[in-house]
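Notes to accompany the following structure.
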């Protein structure tokens, strides 16, 4: 393979590994996803392990995670008994899956914790000193600000998760290569 193709493949796979780590995922997951994304044909666990120089067990475990996140799927190859995989190439689908599965859950959990905190603070009326009552009011004010932020984040997530309706992202994101 031409050295420029090899260099671009290696830098892209490494870059997706770093990006995965940045977003709190395993670097191997990012490298596996990048390898699959740049592969014109489905790859087996052996192909992935050999290509990335990692254990087949690590590949298998991380491929299950990629499947759970909707970033890769098993691909049947006629006459083969091995498992083969392809990457989900629709980036909007990948982003929606990750946001839906992880970020939405975290934002909702944060909103729940904040609501419980406000209720706890409001119920602590009787036994507070004037200084404590002042501190409680300060806490409530800050927590309400946090609630507003997380409510905004929840609305933004809903907007992104529902934004593909009626929009042809493939058309919007086309890059002409000359």
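The values are calculated or read from the model by the stated rules, or taken from the named source; none is laboratory data. On a predicted model such as this, the values are computed, not experimentally measured, just so you know. Cβ: placed from backbone, ideal geometry, glycine included. Neighbour counts: every protein chain shown.
What to note about this one:
- Within the stretch 91-117, if we keep just the residues that are more than 14 Å from the chain's Cα centre (by Cα) and without any contact (Cβ under 8 Å) to a residue 12 or more places away in the chain, the residue that is farthest from residue 66 (Cα to Cα) turns out to be 116.
- Exactly one residue among 32, 16 is modelled with pLDDT of 95 or more and outside the structural domain of residue 153 (by TED's automatic domain parsing), and that residue is 32.
- Residue among 80, 41 that is part of a loop (DSSP other than H, G, I, E, B), loosely packed, with under 14 Cβ neighbours inside 10 Å and modelled with pLDDT under 90: 80
- Scanning the stretch 44-70 for residues that are surrounded by fewer than 16 Cβ atoms within 10 Å (Cβ to Cβ) and touching a strand residue (DSSP E or B) at 6+ places or on another chain (Cβ under 7 Å) yields a single hit, 67.
- Qualifying residue in the stretch 145-152 (condition: modelled with pLDDT under 85, surrounded by 11 or more Cβ atoms within 10 Å (Cβ to Cβ) and not in a loop (DSSP other than H, G, I, E, B)): yes
- Search result, residues across the stretch 44-68 that are free of Cβ contacts under 8 Å to residues at least 12 places away in the same chain and outside any helix (DSSP H, G or I): 53, 55
- Of the residues screened, residue 103 is one that is in contact with a helix residue (DSSP H, G or I) (Cβ under 8 Å, 6 or more places away or on another chain), modelled with pLDDT under 85 and surrounded by 11 or more Cβ atoms within 10 Å (Cβ to Cβ).
- Failed item, numbered, when residue 88 is tested on (1) in contact (Cβ under 8 Å) with a residue 24 or more places away in the chain; (2) crowded, with 16+ Cβ neighbours inside 10 Å: (1)
- Residue 134 being free of Cβ contacts under 8 Å to residues at least 12 places away in the same chain, assigned by TED's automatic domain parsing to the domain that holds residue 162 and assigned to a helix (DSSP H, G or I): yes
- All positions within the stretch 10-38 that are touching a helix residue (DSSP H, G or I) at 6+ places or on another chain (Cβ under 8 Å), part of a helix (DSSP H, G or I) and surrounded by fewer than 18 Cβ atoms within 10 Å (Cβ to Cβ): 12, 14, 15, 18, 19, 21, 27
- The residues listed here are 157, 109; of these, the one that is surrounded by 14 or more Cβ atoms within 10 Å (Cβ to Cβ) and either in contact with a strand residue (DSSP E or B) (Cβ under 6 Å, 6 or more places away or on another chain) or at pLDDT below 90 (or both) is 157.
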